[in-house]
Amino acid sequence: MKLFIDTADVAQIREAYSWGIVDGVTTNPTHVMKSGRKPDEVYREILDIVDGPVSLETIATDTPSIVKEGRALAKLHKNVVVKVPVIREGLKAVKELSADGIKTNVTLNFSPLQALLAAKCGATYISPFVGRLDAIGHIGMDLVRQTRTIYDNYGFKTQILTAAVRHPGHVLESALAGADACTMFFDFMKMLYDHPLTDNGLDTFLKDWAKVTGK
Ligand code: E4P
């Protein structure tokens, strides 16, 4: 499963990318707003750091404007994936952008039928927002599992990119459900390494070795 970092904070991206486990980046307008920087400047810096898919979101809500924005974003770098909301006008744009050979990430996905439509329009990625579904009393991971079944039933190549992750358990469940990718905040990515038994075990080994060497 590919691991993407979900942020527009270049310091976090640089640090996480240095660990050797980051396959790509997802951004959104909120992340860019939080960075406090100009979108173009942040995008170019991210694209310089990471050699992998970088999702950049369109803001328009009508097909011609989304297509125009998407084409402009795609010109920034070969690794750009154009993020488009799963609305009717958005999916029409995805079909056009896909026909141009531009990679797309269909975002704000909350139902398996939306995921089916995105795949039919040739989306490269579909982003189910699992944490936001959990927050309203649904089981977000069911969306990933149902989409996996639908895509496998019909041989769709659209990749499932679990998004709106709220804890490492979502990452585990994504991998078990056969998601192709999972995007998460820096803090959750750090947590993937952690286990108290690893820390305790290492502590004991180092102390015992010190006894052997007398240092
Ligand atoms: C994914 O591509 C989105 O950027 C992200 O996961 C949004 O989730 P959140 O704002 O609910 O955390």
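The values are calculated or read from the model by the stated rules, or taken from the named source; none is laboratory data. Just so you know, these numbers come straight off a predicted model, no measurement behind them. Here the Cβ positions follow ideal geometry from the backbone for every residue, glycine too, while neighbour counts run over all protein chains shown. Ligands, DNA and RNA are stripped out before the accessible areas are found, and what is left, the full protein with its side chains, is counted by its heavy atoms. Shrake-Rupley method; radii C 1.70, N 1.55, O 1.52, S 1.80 Å.
Quick look at the values:
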item: Single residue of 21, 5, 13 found to be open to solvent by less than 60 Å² (accessible area, probe 1.4 Å) and under 20 Å from residue 106 (Cα atoms); result: 5
item: Test: residue 134 is within 14 Å of the ligand (Cβ to nearest atom) and more than 16 Å from the chain's Cα centre (by Cα); result: yes
item: Qualifying residues in the range 24-53 (those that are within 16 Å of the ligand (Cβ to nearest atom) and of a type in the set (A, V, I, L, M)) - the one most open to solvent (accessible area, probe 1.4 Å); result: 33
item: Within the range 114-215, helices (runs of 4 or more DSSP H) holding 1 or more residues that are of a type outside the set (Ser, Thr, Tyr) and closer than 22 Å to residue 20 by Cβ; result: 168-177, 186-191, 196-213
item: Qualifying residues in the range 146-183 (those that are more than 24 Å from residue 91 (Cβ to Cβ) and either modelled with pLDDT under 95 or away from the ligand (no atom under 14 Å from the Cβ) (or both)) - the one most open to solvent (accessible area, probe 1.4 Å); result: 176
item: Residues of the range 54-84 satisfying the condition of being open to solvent by 20 Å² or more (accessible area, probe 1.4 Å), out of contact with any Pro (no Cβ under 8 Å at 6 or more places or on another chain) and not hydrophobic (A, V, I, L, M, F, W, C); result: 62, 64, 65, 68, 69, 71, 75, 77, 78
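Here is a yes/no grid of residues against (1) on the phi < 0 side of the Ramachandran plot; (2) hydrophobic (A, V, I, L, M, F, W, C); (3) assigned to a loop (DSSP other than H, G, I, E, B):
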residue: 8; (1), (2), (3): yes, yes, yes
residue: 12; (1), (2), (3): yes, no, no
residue: 32; (1), (2), (3): yes, yes, no
residue: 47; (1), (2), (3): yes, yes, no
residue: 61; (1), (2), (3): yes, no, yes
